[in-house]
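Okay, so here's the structure we're looking at.
Just so you know, all these numbers are worked out from the coordinates, no wet-lab data involved. In this text the structure is predicted, and so the values were computed from the model without any measurement. For neighbour counting, all protein chains shown are included, and Cβ atoms are generated from backbone atoms with ideal geometry for every residue, glycine included.
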Amino acid sequence: MSTISDGDHIYGVKGNHVGDYIDGNGAGGPFSEALGIDATTVVLTCAQCAHASRFAETRVYDGAGLVSRCPECMSILARLVRTPTDAWLDLRGARSVRVPLSAGTPQ
Ligand SMILES: [Zn+2]
């Protein structure tokens, strides 16, 4: 077992499993609110390993805000921190963010 750190926490890593997480579907609401679209359909390309995954497939950890990690290499793709008045979205771990145009269509 090795460990990784996101600066605030150190997680034990066994295979691809890092602590307890929820899948992106479970965390879609807060990210959708911040983006103004259905976040679960957005495709994030990892800046570290170039793996592309739908947000719904990422692993989301609830710690210092919500942290979405690449399911392939566990690098941080996105962070979301909410204050009473704002949502702070950090996407620096994603090389690209692909938004299906239908994601913005009102249902
Ligand atoms: Zn990755």
Inset, instruction - Kindly indicate whether any position in region 57-72 is within 14 Å of the ligand (Cβ to nearest atom), under 21 Å from residue 22 (Cα atoms), surrounded by 15 or more Cβ atoms within 10 Å (Cβ to Cβ) and over 10 Å from the mean Cα position of the chain (by Cα). - result: yes
Legend entry - Filtered residues of region 35-55 (kept if among the small types (Gly, Ala, Ser), away from the ligand (no atom under 15 Å from the Cβ) and buried (at least 18 other Cβ atoms within 10 Å of the Cβ)): 39
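Output the residues belonging to region 27-50 that are assigned to a loop (DSSP other than H, G, I, E, B) and not β-branched (Val, Ile, Thr). Quick ask: steps written out before the conclusion?
Residues of region 27-50 assigned to a loop (DSSP other than H, G, I, E, B): 27, 36-38, 42, 47-50.
Answer for region 27-50, where residues must be assigned to a loop (DSSP other than H, G, I, E, B) and not β-branched (Val, Ile, Thr): 27, 36, 38, 47, 48, 49, 50.
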Legend entry - Residue ID - surrounded by the fewest Cβ atoms within 10 Å (Cβ to Cβ), chosen from residues in region 73-91 that are outside any loop (DSSP other than H, G, I, E, B) and among the β-branched types (Val, Ile, Thr): 81
